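Remarks on the structure that follows.
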Amino acid sequence: MFTAKMRWAFIALVLLGAILRLCIAWSPMEWLLRHVLCDDSFYYLTIARTLARRGVCSFDGTTLTNGFHPLWLALITPLFWIQCIPTQSVHLVLTLCALCDIFALVLLARLLRFLNMSAGSVLVVVTLYALSPGLFSYTGALNGMDTSLNTAVLCALLTSYMAIQLKLPLRIASPAAFGMLCGFSFLARTDSGIIAAVLLISVLITQRGGIRFALAIMIAAIAIVTPWLYWNMSTFGTVLQVSGEAYAFATRELTGAANWGIMEYGARGVKNLADVFRFFPETLGLETKYSVGYVAQSLACAGAFCAAAYTVYRKAGAPAELIRTRMRLLAGPLLASTAFVLVHSVKSIYLRGWYYATALPPLWVALAALVDMGFSRHSRRLIRFFSLLPVILALLLGIWSVSEDAFHHDGEIEKFLAIDRMRHLLPPGAKVGSWNAGVYGYFYDMGQIVDLDGLVNNAVFPYIRHRSLGTYCVNNHIEFLVDAPGTFKVWDSFWAQAPGGLLRSITPVGPMSDRELKAPILIAQIVSPSIPQPIPP
């Protein structure tokens with residue numbers, strides 16, 4: 001039971017979490033660019049600004065794109081009706097992120113109460129969520145992308161799922177509500193559809209509600225997603241988003257996954273699953289590392305969590321019926337998170353840092369159940385310690401990772417600092433291509449920035465697939481390239497179909513920043529034939 005003191009403690013934690021998030025949202029832009037915002041955040045911001053002011057879904061103002069998740073774009077677009085400088089619009093979007101994340105926190109607490117978790121276990125999880133170290137990271141809820149909204153929708157979906165499983169007489173337990181939330185989860189993040197699909201199958205298997213029950217869910221879900229899918233099909237001839245297709249194609253090509261066997265995919269899947277537990281306490285800096293030390297650290301985090309769970313469930317002394325009920329309720333959500341990670345492991349090889357946030361809501365519920373079981377009335381002190389072990393580990397690793405990040409991370413600041421040099425070096429109206437085009441596209445106002453990695457440029461993806469980016473640049477009169485030197489090397493093999501094709505020839509103009517940074521920016525002029533090349537089939 002929640003006593004009056006615990007209710008006030010919960011309210012205080014929510015308010016503290018809200019204040020912390022709003023402070024981050026309105027922090028100086030340089031700090032946000034170093035620690036919180038990533039380049040992909042500005043893809044959203046630029047598309048939303050173009051949609052609000054020009055009425056088209058486009059990053060560069062010319063080429064239509066579906067490289068975004070529609071629910072988040074629909075929420076942030078009205079903010080750009082407000083006439084203000086670009087940095088203020090960023091703060092407004094981050095404020096909306098903060099509100100969505102606080103809403104997710106309240107939904108998570110309500111979900112735990114549905115499951116009859118003790119007040120103490122709810123407060124432990126709420127504290128860890130409200131003061132999460134991930135708030136100071138580009139992989140966290142305040143990264144300007146759909147992360148906070150997606151978490152809130154998934155918490156609502158899990159609440160509906162649990163209410164159906166427990167047969168609670170609530171509106172959220174109706175098949176129509178569950179179906180609508182499945183649809184909204186798909187719109188919040190397309191790959192959250194994996195979570196929704198597994199939960200839907202679990203409901204249909206365990207509840208046996210008949211054809212009418214299943215039809216009600218399916219009709220509600222289809223009604224929500226159909227407008228988005230229809231727009232994609234009528235505009236681009238496919239329901240697939242170019243961002244997911246381009247990202248998966250590039251990562252598979254660059255990692256050589258086409259030649260992988262079962263062992264390689266299995267190792268990658270294990271590593272990605274272990275990273276979920278590493279991400280859980282740290283939520284910071286998950287890159288494409290695959291070193292022995294990195295994998296060992298991820299496996300250690302996963303092992304500590306699983307060992308604590310095994311020990312508590314075996315030795316806590318809680319009633320067997322309660323243990324079976326909790327395990328039955330958690331099986332579907334945990335299986336959904338596992339399926340989410342494994343599908344990405346096969347399709348895209350590795351998950352970008354913020355992808356892991358989709359897999360976390362079931363883990364928050366599992367952590368609350370672990371603490372609740374560990375503090376049952378018959379548990380010994382050692383068992384209580386084991387139940388709090390993941391919480392302690394999360395706090396220690398979180399504090400450590402924040403301190404490390406504070407001194408060793410430049411984030412996107414080098415791109416932001418390059419904007420002034422671009423204004424001086426490039427002629428007005430120049431067409432500039434970039435593989436990491438987000439920051440440039442949002443802040444550069446003297447020319448057109450064109451995305452070359454395909455995430456928000458449907459027109460360039462066929463050229464990437466045929467390794468003829470040079471042809472695309474010639475056909476579209478792109479005169480300059482701007483990016484980090486390492487990025488030029490990574491994408492070099494995509495420039496032409498063959499050595500006899502259109503090869504890249506660049507004339508370096510000069511470094512873009514006035515001070516030494518870890519990732520200096522290079523601008524290059526394209527020297528190419530003036531005759532447009534044919535579009536690849």
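Each value in this text was obtained by applying a stated rule to the coordinates, not by laboratory testing. The shown structure was predicted, so the numbers you read here are calculated from the model rather than taken from an experiment. Methodologically, a virtual Cβ is constructed for each residue, glycine included, from the backbone with ideal geometry; neighbour enumeration extends over all protein chains shown.
Tabulated results
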{"read-out": "Neighbour-count order for D492, D191, fewest beta carbons within 10 angstrom listed first", "value": "D492, D191"}
{"read-out": "Ranking of V439, V239 by count of other Cβ atoms within 10 Å, fewest first", "value": "V239, V439"}
{"read-out": "Cα gyration tensor category, rounded, prolate or oblate, for the stretch 210-272 with a/c compared to 1.5", "value": "oblate"}
{"read-out": "Gyration tensor verdict on the stretch 2-143 (Cα atoms; rounded if a/c is under 1.5, prolate if a/b is larger than b/c, oblate otherwise)", "value": "prolate"}
{"read-out": "Alpha-carbon centroids, the stretch 330-365 and the stretch 43-116: separation in whole Å", "value": "23"}
{"read-out": "The stretch 130-139 - phi-based ³J(HN,Hα) in whole Hz, Karplus 6.51/-1.76/1.60, Gly and Pro as x", "value": "4, 10, 4, x, x, 4, 9, 9, 6, 8"}
{"read-out": "Vicinal HN-Hα couplings computed from phi for the stretch 60-68 (Karplus, 6.51 cos²θ - 1.76 cosθ + 1.60; Hz; Gly/Pro x)", "value": "8, x, 10, 8, 5, 9, 10, x, 7"}
{"read-out": "Order by protection proxy (mean Cβ within 10 Å, highest first), peptides 46-56, 108-118, 143-153", "value": "143-153, 108-118, 46-56"}
{"read-out": "Length-normalised contact order of the stretch 156-226 in % [C-alpha pairs under 8 Å, at least 6 apart]", "value": "40"}
